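The block underneath contains the structure these notes are about, expressed in structure tokens.
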Amino acid sequence: MLPIFAANWKLHKTPQEAKLFFEQFVSEQNKSPVKGQVVFFPPAALWDCTHQALKNSGLQWGAQNIWTQLQGAFTGENSVGTLKAMGGTHALVGHSERRHLFGEKDEWTTEKVALLQGQGLTPLLCIGETLPERESGRTNEVNERQLRAGLAKAVAGAPLIVAYEPVWAIGTGKVATVSQVAEAHAFVRNLLRELGFAQAPLLYGGSVKPDNAGDLLKVQDVNGFLVGGASLEVGSFRAIAEA
Ligand code: PGA
């Protein structure tokens with residue numbers, strides 16, 4: 001399968017900065033297209049300018065977070081209905097910052113994945129262990145729990161992407177070693193097969209940079225990356241995709 005390069009911008013960029021980024025990215029894309037699928041996850045306030053910048057470019061975008069229902073009394077949340085109406089095609093579900101800073105529950109990830117698939121959009125389900133969980137030998141247990149919860153109501157055959165992101169490697173500069181990534185990806189890939197989602201691409205995320213992307217992409221079962229910090233500059237994000 002073609003690799004997927006997903007950019008998680010988190011809470012970064014003004015509309016002007018996003019516009020400049022996309023102008024440069026699309027112009028470089030027209031000269032030399034990235035060999036793979038590119039999906040941007042800008043903050044919700046930038047959805048409209050993202051859509052304007054990316055329409056007809058072949059590049060896709062989505063939400064960093066959505067709520068479990070389409071509408072209602074949920075102050076501060078994002079609706080999948082709005083996302084879809086505005087041209088978004090994907091949404092992150094269960095990113096570790098949602099889980100650990102904002103109390104995202106496993107049960108919510110179940111509903112979010114199902115809702116997105118039901119609306120014809122692609123969930124990008126994020127799973128991964130914290131450092132204490134890894135150090136106490138619970139890496140597989142945590143990944144299994146989060147994967148099973150996220151996929152509990154998912155439909156086999158409907159669009160789905162999974163990202164393994166060890167929490168201790170996110171935004172820390174501490175990238176997981178090739179053998180740690182290989183081990184976790186083999187475990188998650190087996191579980192995906194067992195659960196009936198053998199076709200789902202499995203991305204790695206956590207301090208992916210141009211200088212480690214090449215080695216990581218060679219690891220079996222690594223089908224692309226979810227990139228945070230290094231996706232904020234056109235040069236470094238393209239260098240990852242070209243690695
Ligand atoms: P990072 O973030 O690349 O800055 O570590 C990855 C992520 O949070 O998805």
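The values are calculated or read from the model by the stated rules, or taken from the named source; none is laboratory data. No experiment lies behind these values; they were computed from the predicted model shown. Don't worry about glycine lacking a Cβ; one is built from the backbone with ideal geometry, like all the others, and counts go over all protein chains shown. Note: accessible area is taken over every heavy atom of the protein model, side chains too, but ligands, DNA and RNA are not part of it. Shrake-Rupley method; radii C 1.70, N 1.55, O 1.52, S 1.80 Å.
A few comments on the model shown:
- Inspection of the stretch 128-145 identifies no residue that is open to solvent by 50 Å² or more (accessible area, probe 1.4 Å) and under 21 Å from Leu11 (Cα atoms).
- Hits in the stretch 45-59 (condition: surrounded by 18 or more Cβ atoms within 10 Å (Cβ to Cβ) and either of a type in the set (Val, Ile, Thr) or within 19 Å of the chain's Cα centre (by Cα) (or both)): Leu46, Trp47, Thr50, Leu54, Leu59
- Of all the listed residues (Arg193, Arg148), the sole one being away from the ligand (no atom under 16 Å from the Cβ), open to solvent by 50 Å² or more (accessible area, probe 1.4 Å), over 20 Å from Leu115 (Cα atoms) and among the charged types (D, E, K, R) is Arg193.
- Out of Val162, Val175, Val155, Val167, sole residue that is crowded, with 20+ Cβ neighbours inside 10 Å and either more than 30 Å from Gln29 (Cα to Cα) or acidic (Asp, Glu) (or both): Val167
- Residue within the stretch 152-162 that is closer than 17 Å to Gln37 by Cβ, charged (D, E, K, R) and out of contact with any His (no Cβ under 9 Å at 6 or more places or on another chain) present: no
- Just one of the listed residues (Thr110, Thr75) is over 25 Å from Gly229 (Cα atoms), surrounded by 20 or more Cβ atoms within 10 Å (Cβ to Cβ) and more than 16 Å from the ligand (Cβ to nearest atom), namely Thr110.
- The residue pairs whose first member lies in the stretch 215-229 and is within 18 Å of Leu124 (Cα to Cα), whose second member is of a type in the set (Asp, Glu) and at pLDDT 95 or above, and whose beta carbons are closer than 7 Å, counting only pairs six or more residues apart or on different chains, are Leu226/Glu165.
- In the set (1) within 16 Å of the ligand (Cβ to nearest atom); (2) part of a helix (DSSP H, G or I), Phe40 fails one condition alone, (2).
- Residues within the stretch 200-243 that are in a loop (DSSP other than H, G, I, E, B), touching a Leu at 6+ places or on another chain (Cβ under 8 Å) and more than 9 Å from the ligand (Cβ to nearest atom), tallied: 5
- Residue selection: Gly118 fails the criterion of being modelled with pLDDT of 95 or more and either β-branched (Val, Ile, Thr) or open to solvent by less than 60 Å² (accessible area, probe 1.4 Å) (or both).
- Hey, Asn65 within 15 Å of the ligand (Cβ to nearest atom), in a loop (DSSP other than H, G, I, E, B) and free of Cβ contacts under 8 Å to residues at least 60 places away in the same chain or not: yes
Yes or no, residue by residue, for (1) part of a strand (DSSP E or B); (2) more than 15 Å from the ligand (Cβ to nearest atom); (3) farther than 21 Å from Glu165 by Cβ:
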| site | (1), (2), (3) |
| --- | --- |
| Ala6 | yes, no, no |
| His12 | no, no, no |
| Gln16 | no, yes, yes |
| Phe21 | no, yes, yes |
| Gln29 | no, yes, yes |
| Ala45 | no, yes, yes |
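- Taking residues in the stretch 27-42 that are open to solvent by 30 Å² or more (accessible area, probe 1.4 Å), and partners anywhere that are of a type in the set (S, T, N, Q), not one pair has Cβ atoms closer than 6 Å while being at least 6 places apart or on different chains.
- The stretch 153-171 residues that are at positive phi and within 11 Å of the ligand (Cβ to nearest atom), paired with ones that are in a loop (DSSP other than H, G, I, E, B) and hydroxyl-bearing (Ser, Thr, Tyr) (beta carbon under 9 Å, 6 or more apart): Gly171/Ser207
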